[in-house]
Every structure is written in structure tokens, then in C-alpha cells.
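Remarks on the structure that follows.
The values are calculated or read from the model by the stated rules, or taken from the named source; none is laboratory data. All values derive from a computational prediction rather than experimental measurement. Don't worry about glycine lacking a Cβ; one is built from the backbone with ideal geometry, like all the others, and counts go over all protein chains shown.
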Amino acid sequence: MQPVLEAYAAFAAVDAVMLGGSTARGDSDRWSDTEVGVFWSRPPTVEERAAIVPAAHAADIRLVSGADANPPWYDHVYLGAERPYGLMVEVVHTPTSVVEATLDTVLGSCQPDGPGLDAIKGIVEGRDVTGARADLVAGWQARAATYPRGLAIAVVQRDGAIEQFWRWRMHVDRDNPLLLAREFMRVSSQMLNVLHALNGRYCGHPSAFKRLDALEHDLTIAPPALATRLRSVFSQPAPEGAAILRTLVEETYNLVEAHLPEVDVDRLRTLFRSDRHPLDTPPPAAHSAQTIPTPAPDPD
């Protein structure tokens, strides 16, 4: 990895290079790729992005984002062997100005933008490797070290509004396990976003939940046995899984009430507990439009 990091840092327009993801956290496994953030004082050219192959002796590269895409731009660099066999390095190229604007929006204005929360999560968990501005990443991390209470309130108000939980029964009746799993995932993801906010942890995407057992270590404010119970939601028959998930959400609302009294938890509970009852007799099929008789012509 070091040749890759050094090759990016050699560009004069690169302000900082960070190692991120599971490699930086120290919990990578055999399925893990390596994440690298490269922060530029100006947008990189396609030629600069591709130059990493000879500079770092990489085996292959895929420029995921074209030059005309909006930042950030993504590359997949393969080390040791061509894809799909080499170690994949996911490189995220971001203008430094975009990071500064994201910090202003998410932390300063307390706007819970999903990609912005993920970007800040990467900065907080990442490891500064090298770059032209040695103080840059340290400043970002210091700014994000305190999770604003206003941001926590905004996230909980948004993701705590879990509506239409009754839909799981509809998917069971229609024998549609695909949509049932998606519904359980939607509710679980919103609940976990709320719990991350309660614990002052940045999270904007379900990919943050890769390792369920780590949740119990990271989220000290959470329902007991969180990982075990979440697994049961998806492994038990639907009614039992739904009952477990309902209880987890209700316990999460209790925690919100205790730790963020500014939030209207009664409103969230009302939304979550709303119900819909199916009709015992399905509605009749639509009839074909009635023929409207043509009026007789007026007599002369």
C-alpha cells in the first residue's frame, strides 16, 4: 500500500492522503478492500488518476467516475493481480473545498446529509498518511470530534419517523419475501441511524452496519443484545421477526426520550404505531365503461 499512498502524495495539487475504512480501523478481513482518500486543491485530471498504475506498480485500474462526473470521483486500483484477484484499493478523490463545505453544512448548519455524514465518518475514522498540508486532516478531525447536539436532533427527527410498519403484513399475505426483507431493512436502518445519532457517531448509509457485533461496542446507548436481536428479525418467521423489530424500535424511542428530550417522541410513536386493516372482501373489479347512448339527431 505504501507505494500507492506515496504516489498520490507526490502530486503538487494533493493536499492530503488518508487511509480509511476497515484497514484504518484495524478490523479488515479477507473480503475487505482498502480505502484511500485523496484530497486535491483542484480537480484531478484523468491522466493524473491513471498515472497511479506505473507510479505504484499497480496491476490494474478502473476509473469508476468519468471526468465529467460531480465530485467525489472514484477509482478502483488493483494490487498484486488484475481484477478480480488482486487487492482492490477504492480511491475517493475529493476537492479540499468540498470537504470544507460539507463540514460547514453538516456540522455548522446541522443538516443530516447522508453522503456528508459518510464523508465525515471517513475523516473521523481515517488515518492521515501524508500530503502537502500536514495540518489539514488534523483540523478536520478536531472539528468533527464533537458531534453537535443539533445534528443529533435533526437525524432523530428525520430517521425516527418510521412510518407504515404495518406493510410487513401485506408482504406476508402476498408471499413476497423480497419486499418483506426490504421493509425490515428499511425500518432497521432508520432505527440504527437514530442510535448512531444518540451515541454521537456519524452514519449516513447502511454500509456502516457491516459488522453487527461491533454495534454493541460502538453504541453504548442502545437496546440490550442489539446484534443478536437484529439477526433474529431476519432469521425468525415474519410475525416473530416483526415483533422483535417493533420492540427494538419502541426501546429506541425510550432512549430518545431519555437522552434527547427536545425531540417530540410522541409524534414518532404515533407514526410508527399507525395501522391499516385489510378489507375482508377485496374491492370489486373495475367494470368496463358504460356505453353512453348517442343522442338522436334533432328533427329538421
Query raised in the report: Just a yes or no: is a residue in the stretch 170-178 β-branched (Val, Ile, Thr) and at pLDDT below 95?
Result: no
Report task. Mind listing whichever residues of the stretch 93-125 are modelled with pLDDT under 95 and either on the phi > 0 side of the Ramachandran plot or in contact with a strand residue (DSSP E or B) (Cβ under 7 Å, 6 or more places away or on another chain) (or both)? Result -> Gly122, Glu125
Report task. List the number of the failed condition for Leu219; all other conditions in (1) closer than 27 Å to Gly21 by Cβ; (2) modelled with pLDDT of 95 or more; (3) of a type in the set (A, V, I, L, M) hold. Result -> (2)
Requested in this report: Run down Leu19, Leu63 and say which single residue is within 26 Å of His217 (Cα to Cα) and in contact with a Lys or Arg (Cβ under 9 Å, 6 or more places away or on another chain).
Outcome: Leu19
Report task. Collect the residues in the stretch 14-35 that are within 18 Å of the chain's Cα centre (by Cα), closer than 18 Å to His93 by Cβ and among the charged types (D, E, K, R), keeping them in residue-number order. Result -> Asp33, Glu35
Report task. Starting from the stretch 217-239, keep only residues that are closer than 17 Å to Leu198 by Cα, then list their pairs with residues that are of a type outside the set (Val, Ile, Thr) and modelled with pLDDT of 95 or more whose Cβ atoms are within a distance under 6 Å, requiring at least 6 positions of separation or different chains. Result -> Leu219/Leu195; Leu219/Asn199; Ile221/Leu198; Ile221/Asn199; Ile221/Leu255; Ala222/Leu195; Pro223/Leu248; Pro223/Glu251
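Yes/no per residue for (1) in a helix (DSSP H, G or I); (2) crowded, with 18+ Cβ neighbours inside 10 Å:
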site: Ile162; (1), (2): no, yes
site: Leu178; (1), (2): yes, no
site: Phe184; (1), (2): yes, yes
site: Asn193; (1), (2): yes, yes
site: Gly200; (1), (2): no, no
site: Gly204; (1), (2): no, yes
site: Glu216; (1), (2): yes, no
site: Ile221; (1), (2): no, no
site: Leu230; (1), (2): yes, yes
Report summary line: Considering the stretch 52-68, residues that are in contact (Cβ under 8 Å) with a residue 40 or more places away in the chain and at negative phi, and then whichever is surrounded by the most Cβ atoms within 10 Å (Cβ to Cβ), we arrive at Ile52
Query raised in the report: Taking the stretch 181-218 on its own, how many of its residues are of a type in the set (A, V, I, L, M, F, W, C) and in contact with a His (Cβ under 8 Å, 6 or more places away or on another chain)?
Result: 3
Query raised in the report: Which residues, taken from the stretch 128-160, are among the small types (Gly, Ala, Ser) and under 20 Å from the mean Cα position of the chain (by Cα)?
Result: Ala144, Ala145, Gly150, Ala152, Ala154, Gly160
Report summary line: Per the filter on the stretch 69-86, residues in contact with a Gly (Cβ under 9 Å, 6 or more places away or on another chain) and surrounded by fewer than 18 Cβ atoms within 10 Å (Cβ to Cβ) are Leu79, Gly80, Gly86
Report task. Could you tell me whether any residue of the stretch 127-142 is surrounded by 16 or more Cβ atoms within 10 Å (Cβ to Cβ) and under 12 Å from Arg201 (Cα atoms)? Result -> no
